[in-house]
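Some notes on the structure that comes next.
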Amino acid sequence: MFRWGLVCAAGVLAAYLAVLLANSRHFYTDDTEAQYAPLWVMTGRALREGRFPVLVPEHWLAGNYAIEEAGLLNPPQLLIDLLAVSVDDLALYATAVKLLVAIVLGLGVHRVCLAYGGHPAWSAVAGVAFPFSGFLLFFDAASWMTAFTGTAWLVHAWASGVRYARGRGGPVPVFVFLYLTLSVQYVFPAVEAGVLFATVLVGEFVYRREWAPVIRLAFVAGCAALAGLATYLPSLLTADVTWRGASEIRNDQFLAVPWSESLNASLPSTLPAFTSWWGYVQPLPMVYIAWFLVPVLAFIDWKRAAGAARELSGPALFAVLTLLWTAGPGTMGPLRWPARVLPMVGLALLVLVCVLLGRFGTVAGSRRRGIAAGLLVLLLLARSAAAAPEAVLAHLVAAAGVGVLGGVVVWLGRTRGRAAACLLTLAAVAPIAYLQVHAAQPTPMSWNLPAKRSEMKAAFPDFPGTTLQLGDRALIAPAERTLDGAYGSLAFGNYAKNLEVDYVGGYTPNGHFYFGHLLCMRWDVSVCPDAYRRAFAPEPETGRSLVDLMLVDRVVLQRALFPDAREQPAPPGWKWVDYPGHEQYIAVLERETGPVSGRSGRVAHTEGVTAAASAESDTTSRVRVDSPAGGRIVFARLGWPGYRAHLDGRQIPIDVVANSFVAVDIPSGTRAGDLELTWRPPGWKIGAALAVAGLFGLGILEAEHRRRRRHRARPPASPPAEPVAAEHDLVAAHP
């Protein structure tokens, strides 16, 4: 078993290297380069400086990291953050981190199969195949890091849960892996974990017909969920002011996958048909799972396999539910794009098929079974050709390759045994992954951001203080996406975090709705052409401009969006500043009076109040205030839920200006008052209490598990020994 675990890890490594041969930046693309890697750098810097970056006010739209995908309560993620600061080449670092995650994921799938009684060899095949299934390889592994990491922890939680329910393991691994799944701070793994464990509970009861193991497993899963709520309570309690606040359920068919696309699951060339960013026919094999998954069904002894139906009812139910989910609705509250669940479909099917092969696989009657497998390959060919007829030649080659490869595997199984057949089956994963990634070049997902932070900082202007950039990423031509081009002057997404500078905005799927509307700022920091006017227009309630209320030191205008900006006079109090070598891409405005950020804490505007900042941190502003007739202070802080104000120790109400800026009304007669404005993630006390309750429940379960284990290990009591008769008694008894 251990030997096949090593084979699984080696197979994942080989396929990973094959992908890198096809595209060295495959694992540093899209959201990884634009969102996650810079976030690791920012978080790691803060941790090394002794700060916990739950809130960074100067980042405004994306500054509430309690609701972003930062994994602030996930210990492995914090370790990744701490190490990121020491690595200059982020592409290399992200690739190395994801390799470790891929190996963890593969070994987790291997464990799941073993937990259901699978043979170690076929379990290793599943472990190698899953990390290189279509959607997981091209989206989660390449781009959506939290989905990738969450899935890696989830499969281990699944294996540990089945082992615990069947008396082969304890509750601690279940709790730990489930907590790690939840605390990656991404909602899809959390919801998938709920669906998965619901099906495991049903399956274990169907299999064993005993309530006690099911109740124990449900209890430990509930304890982990209690601990994980601390990650999601801030998002739930902040949702009303974010883009994700809508609770509607609707079906817009975007990234909703018809069930018939499952018939593409084993053809490597498949280009499925459903609506996404690239139209109706996809340029990537998003529904592919494994080359052997469908044809190998012909080599299972289904009569014998029927006897395992109850035992495997859990993964079968999980496969059905996730397949239903992938077809829609397109939006369910914060859950959108049901194609994201495709990896769960692939996971469930690989576990089922590889467990069945390990237990009930057969090559008896191979001619008849070979004909059936050939018909299944023809079905794959027909479905893929119908979805993307323009690629029919590639489909024909792929179908022939699957057929030949399958024939060799069957021959090996007949002549050399199961181990040889399994080794070839998993060895084929690497070249197929190479061909798939190579065929998808140039990738349609890459931002092509630079990889080395030292080169980024050397090319970029020195922008201290707080900078507001007004531009549109869509206006950067592909040829300009270099450090010598636009990326030496413009920062979209979280790119500014690599540069260690403070930019208003950043990559955020959870942006503040009202602030985003003020500047028409989108998730990647792009804005509309009216943003320049809006930034300098007076806000009606205070009469101050947005840049004044934000205490912005500098405004950077993208020349492609505002080509005539320098031909106009600078706004009052501002001046145009030249940055040689960057004029092609940006025009820069700076204040005539010099930087204002940090000059008076975060006090942006006062009415009828004299205020002097006395202490300042990311989450707290302390101000000495005088207000004989009463007045108001407006802070350069975005009005996220969680703020509290105390004047001389007494709580007073807070307000928001323009639905965005935190404001506090100071009562009349205030003399030398001590105003303290603090922010804490909403629900943090409840979350901490629930986490303690979850750990307490885990302690009870672990104690009970140890008691039961000791009871099982205790030798049965020996029956009373028969009295030994004396020799003369024996003689008397038997004369």
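The values are calculated or read from the model by the stated rules, or taken from the named source; none is laboratory data. Just so you know, these numbers come straight off a predicted model, no measurement behind them. Neighbour counts are summed over all protein chains in view; Cβ atoms, including those assigned to glycine, are modelled from backbone coordinates with ideal geometry.
Structure above, values below:
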{"item": "Odd one out for Thr619, checked against (1) under 29 Å from Ala66 (Cα atoms); (2) free of Cβ contacts under 8 Å to residues at least 40 places away in the same chain; (3) among the β-branched types (Val, Ile, Thr)", "result": "(2)"}
{"item": "Checking Pro529 against (1) at pLDDT 95 or above; (2) in contact with a helix residue (DSSP H, G or I) (Cβ under 9 Å, 6 or more places away or on another chain); (3) not hydroxyl-bearing (Ser, Thr, Tyr), the condition it does not meet", "result": "(2)"}
{"item": "Failed item in (1) more than 21 Å from Leu284 (Cβ to Cβ); (2) surrounded by fewer than 24 Cβ atoms within 10 Å (Cβ to Cβ); (3) touching a residue at least 40 places away in the same chain (Cβ under 8 Å), with Gly127 passing the rest", "result": "(2)"}
{"item": "Unmet criterion (only one of (1) more than 21 Å from Phe27 (Cα to Cα); (2) modelled with pLDDT under 95; (3) surrounded by fewer than 18 Cβ atoms within 10 Å (Cβ to Cβ)) for Pro444", "result": "(1)"}
{"item": "Qualifying positions in segment 641-677 - among the hydroxyl-bearing types (Ser, Thr, Tyr) and exposed (fewer than 14 other Cβ atoms within 10 Å of the Cβ)", "result": "Ser668"}
{"item": "Identity of the residue in segment 209-263, among the charged types (D, E, K, R) and at pLDDT below 95, that ends up nearest to Tyr186 (Cα to Cα)", "result": "Arg244"}
{"item": "Options Phe219, Phe274, Phe197, Phe177; residue that is under 30 Å from Arg383 (Cβ atoms) and of a type in the set (A, V, I, L, M, F, W, C)", "result": "Phe274"}
{"item": "Spans of strands (runs of 3 or more DSSP E) in segment 609-672 with at least 2 residues modelled with pLDDT of 95 or more and within 28 Å of His517 (Cα to Cα)", "result": "620-627, 631-638, 643-647, 654-657, 661-666"}
{"item": "Flag if Tyr164 is buried (at least 24 other Cβ atoms within 10 Å of the Cβ), within 29 Å of Glu702 (Cβ to Cβ) and within 18 Å of the chain's Cα centre (by Cα)", "result": "no"}
{"item": "The listed residue being under 17 Å from Pro268 (Cβ atoms), buried (at least 22 other Cβ atoms within 10 Å of the Cβ) and among the β-branched types (Val, Ile, Thr), out of Val355, Val408, Val402", "result": "Val402"}
{"item": "Subset of segment 369-402 [under 15 Å from Ile432 (Cα atoms) and touching a residue at least 60 places away in the same chain (Cβ under 8 Å)]", "result": "Ala394, His395, Val397, Ala398, Ala399, Gly401, Val402"}
{"item": "Within segment 553-580, considering residues that are in contact with a helix residue (DSSP H, G or I) (Cβ under 8 Å, 6 or more places away or on another chain) and assigned to a loop (DSSP other than H, G, I, E, B), the one surrounded by the fewest Cβ atoms within 10 Å (Cβ to Cβ)", "result": "Pro571"}
{"item": "Meets criteria (aromatic (Phe, Trp, Tyr) and crowded, with 23+ Cβ neighbours inside 10 Å) for Tyr65", "result": "yes"}
{"item": "Residue count for segment 207-217, restricted to those that are crowded, with 17+ Cβ neighbours inside 10 Å and β-branched (Val, Ile, Thr)", "result": "1"}
{"item": "Test result for Ile586, hydrophobic (A, V, I, L, M, F, W, C), in the same structural domain as Tyr487 (by TED's automatic domain parsing) and either buried (at least 16 other Cβ atoms within 10 Å of the Cβ) or touching a residue at least 40 places away in the same chain (Cβ under 8 Å) (or both)", "result": "yes"}
{"item": "Qualifying residue in segment 98-117 (condition: touching a residue at least 12 places away in the same chain (Cβ under 8 Å) and on the phi > 0 side of the Ramachandran plot)", "result": "yes"}
{"item": "Single unsatisfied condition, Ile686 versus (1) more than 42 Å from the chain's Cα centre (by Cα); (2) at pLDDT 85 or above", "result": "(1)"}
{"item": "Helices (runs of 4 or more DSSP H) wholly inside segment 298-404 containing at least 2 residues that are within 32 Å of the chain's Cα centre (by Cα) and within 28 Å of Phe254 (Cα to Cα)", "result": "313-326, 342-360, 366-387"}
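Residue-wise test of (1) under 15 Å from Ile586 (Cα atoms); (2) modelled with pLDDT of 95 or more.
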{"residue": "Ser454", "(1), (2)": "no, yes"}
{"residue": "Asp462", "(1), (2)": "yes, no"}
{"residue": "Gly511", "(1), (2)": "no, no"}
{"residue": "Pro538", "(1), (2)": "no, yes"}
{"residue": "Val547", "(1), (2)": "no, yes"}
{"residue": "Val556", "(1), (2)": "yes, yes"}
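Here's the yes/no breakdown for (1) over 25 Å from Gly50 (Cα atoms); (2) in contact with a helix residue (DSSP H, G or I) (Cβ under 8 Å, 6 or more places away or on another chain):
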site	(1), (2)
Arg602	no, yes
Ala615	no, no
Asp618	no, yes
Arg624	yes, no
Val634	yes, yes
Arg637	no, yes
His646	yes, no
Ala658	yes, yes
Ser668	yes, no
